[in-house]
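*Asks:* I'd like to ask you about the structure that follows.
Read the figures in this text as sums done on the coordinates, not as results from a lab. Fair warning: this is a prediction, and the values are worked out from it, not measured in the lab. Here the Cβ positions follow ideal geometry from the backbone for every residue, glycine too, while neighbour counts run over all protein chains shown.
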Amino acid sequence: MSKAFDLIGDLIKAAGERPDNEYKFAQDIINVYLEEGCPEDCKDYYVMASAYSGKCLYNGWDGLEKDAEKAFEPLHNAYLGGNKGILEELGMCYFNGWGTPADENKAATIWKEGLDLGDKACALHYYVWQVDNDKADELTVQGLESLVNDPEEPNADACAVLYQYFSNEGDEDKAWEWREKGLDMGSELMQNMVDEEKEEEVGEDSWKSMDYSWAKAFFPEDEDDDDDEYEGHDDETEAAHPGYPDVGEKYVIIAATDDSFRIVQADASDWHSLPALIGADSCDDMRCEKFRKVSKALHLPGTLLGQLDKDGFRKSYLRRNWHASQWYDGMADLFGAMVICMEDGRYNPFSFSSREEAQKVIDALCK
């Protein structure tokens, strides 16, 4: 046995069943392995530690800031070592050029590998790439249908991919069928695509004339596009639709189930309008210690308030909202997107007064 093997064994014994900080524990293993010359007898430990480190950086686990740029190297090292649990994240790094030159074909190859291993997230990414690059076939359709009809975890966004596929094929009846099914299942991607179509209708005779890359909706850019078609609205939010009232400098935050955040122009004092932002008929309020601490730390004019779909527990297609569940002190698993605004001492909701204020709240909530 190598010295590194013994040292790593000592680290594992000292950590016990659950290390205090698993990211630091993984980093210690990586450092021992590299410092001792990368001995073959403890390579498996190194690969597992690299995979976990990469996921921590990519997802913001163990109190880390999300940093997909830094996540690429450990994810790639884990992949080279044969780890197959990081294929989705590694593919996203290649697709978006995070920590490596952007290479969509490489991303697709990695997702295909995940698809072949039964990884459903990789499967959807790969099918998206196929449809966007006119490489979809009957097997693609069958695969997407199986994701939609998965008895354990039906994937509503697969409906949107099928909608785009049949639209490309000129089969309007089939496209419309999947469009409606996606909306019924609560697909955020399908809703985004429908909203884009509505925007195009303002200046075009038909939505069919739109120049819309639906893959961009599935893989949003890190920064907002400053060339918004509708002045005063952010084109990546639900509030950027024709017909949505111009509320001025009033904003709320949408915490989505994919761990992303969006700043939406909306008047929270008109609380009846908020459920529509997350596809709900009505909402339940959520208050928690995390919200109170952030409100106090930022000296906000009110206390943060969360609003979730009141009927979310009945909607099996809604995904778990990791952020909301964590903020709720682990008391329950919360599902669906959440609206975040403020409330005064009499529990009246009101909006953030600027995008900057809302962004500061997001940054503080993620710490």
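*Asks:* For segment 104-173, calculate the relative contact order in percent as a whole number, restricting contacts to Cα pairs under 8 Å that are 6 or more residues apart.
*Replies:* 22 percent.
*Asks:* For R320, R346, what's the fewest-to-most ordering of other Cβ within 10 Å of each Cβ?
*Replies:* Listed from fewest to most nearby Cβ atoms, that is R346, R320.
*Asks:* Still on this model: Using a Förster distance of 56 angstrom, determine the FRET efficiency expected from the C-beta separation of F313 and K43, and round it to 0.05.
*Replies:* 0.80
*Asks:* Mind checking which lysines have their Cα closer than 16 Å to the Cα of K290? Skip sequence neighbours fewer than 8 apart in that chain.
*Replies:* Within reach: K360, K367.
*Asks:* Just to be sure I follow: if Rg is taken over the C-alpha atoms of the chain and Rh is the Kirkwood radius over the same atoms, what is Rg/Rh?
*Replies:* Using only Cα positions, Rg/Rh for the chain is 1.00.
*Asks:* Compute the orientation-averaged projected area for segment 136-193 from the convex hull of its Cα atoms and round it to one decimal in nm².
*Replies:* 3.6
*Asks:* Just to be sure I understand the curve: with the Debye formula and one point per C-alpha of segment 251-365, what is log10 I(q)/I(0) at q = 0.10 Å⁻¹?
*Replies:* Debye intensities relative to I(0), on a log10 scale: -0.25.
*Asks:* Here is a further query. Under the definition of Cα pairs under 8 Å and six or more residues apart, what whole-number percent is the relative contact order of the chain?
*Replies:* Rounded, it is 9 percent for the chain.
*Asks:* A follow-up question, please. Relative contact order of segment 136-193, please, whole-number percent, based on alpha carbon pairs below 8 angstrom and at least 6 residues apart.
*Replies:* For segment 136-193, the relative contact order is 30 percent.
*Asks:* Taking only DSSP H segments of four or more residues, each worth -39500 (n - 2.57), what value at 222 nm results for the chain once the sum is divided by all its residues, to the nearest 500 deg cm²/dmol?
*Replies:* Computed ellipticity for the chain at 222 nm equals -15000 deg cm²/dmol.
*Asks:* Quick one: R292, R287, R179, fewest Cβ neighbours within 10 Å first, how do they rank?
*Replies:* Ranking R292, R287, R179 by Cβ neighbours within 10 Å, fewest first, gives R292, R287, R179.
*Asks:* Here is a follow-up. How about K84: which lysines have a C-alpha closer than 28 Å to its C-alpha, ignoring those fewer than 8 places off in the same chain?
*Replies:* Those lysines meeting the cut-off are K3, K13, K24, K43, K55, K66, K70, K106, K112, K120, K135, K216.
*Asks:* Also: Just want the ordering: C341, C42, C366, from fewest to most Cβ atoms lying within 10 Å of their own Cβ.
*Replies:* C366, C42, C341
*Asks:* Along its three principal axes, how long is segment 75-180 when you only count alpha carbons? Whole Å, largest extent first please.
*Replies:* That works out to 46, 30, 19 Å along the principal axes.
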